[in-house]
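Values in this text are rule-based calculations from the coordinates and carry no lab data. Quantities reported herein were computed from a predicted structural model and do not represent experimental measurements.
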Amino acid sequence: MEALQAVVGKRDSEFTGLKGQLLKHLGTAFFFTVFGLLLVAAGERHTAIMVVTEPLSDVFFACALALYPVGVSASHLAKMTRAYRAGERFELAGVVLARYGREGAARAEAEQASSLEGRDLVLAMRAEGTEAVIERFGRDGAFRMSQAVYVATIVVFSLAFVLMLVVAPL
């Protein structure tokens, strides 16, 4: 195994960044969709349990769309809030970092690209971008912007979940 690693070199996981988030979301959606379809098939095969399987399949289809974004946003929001209240560094929402931290990330890439590579360079760019956002808006402003992004994501996908449950029986 070590010989293979020496030939291939250090690799980053494919489950990092935006691509990783999309793969995880699609995997979760796929699981809930397939399980919802299995419930529909069970209800059609055994008509006595159709009363239970139809509403459950609707819930699973709604979960396929909304569960992953709501769960991830709630988790990030809780982690960010704990770090903020403890006075520690906190991770900004990706949208905030992409919108306002580009200059810092570009500066880090220009200065450190020769000495760092892969995940280490991404972490350095993220840290410099975060510092640029905090410098521009202050610690409280950066926190409030990230908090607003996470809360908006939770609200939008929760509404989508409820809408799917309301529309499904129609």
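Here is the size of the stretch 18-86 from its Cα atoms: Rg then Dmax, 16.5, 55 Å. Database remark: amide H of A168 closer than 5 angstrom to no amide H (H placed geometrically; neighbours at sequence offset of 5 or more, or on other chains; Pro and chain starts carry no H).
In a fully extended conformation the segment linking L163 and F30 would gain 45.9 nm over its present Cα-Cα distance, using 0.36 nm per residue. Rounded to the nearest Hz, the phi-derived 3J(HN,Hα) couplings of the stretch 22-28 under the Karplus curve 6.51 cos²θ - 1.76 cosθ + 1.60 (θ = phi - 60°) are 5, 5, 5, 5, 5, x, 5, where x marks glycine and proline.
Straightening the chain between A86 and R107 buys 4.7 nm, computed as 0.36 nm per residue apart minus the Cα-Cα spacing. Once the chain from E54 to L38 is taken as fully extended at 0.36 nm per residue, the excess over their C-alpha distance is 4.7 nm. Over all distinct Cα-Cα pairs of the stretch 128-169, the Kirkwood formula returns a hydrodynamic radius of 12.1 Å. Computed on the Cα trace of the stretch 24-170, the radius of gyration divided by the Kirkwood hydrodynamic radius gives Rg/Rh = 1.17.
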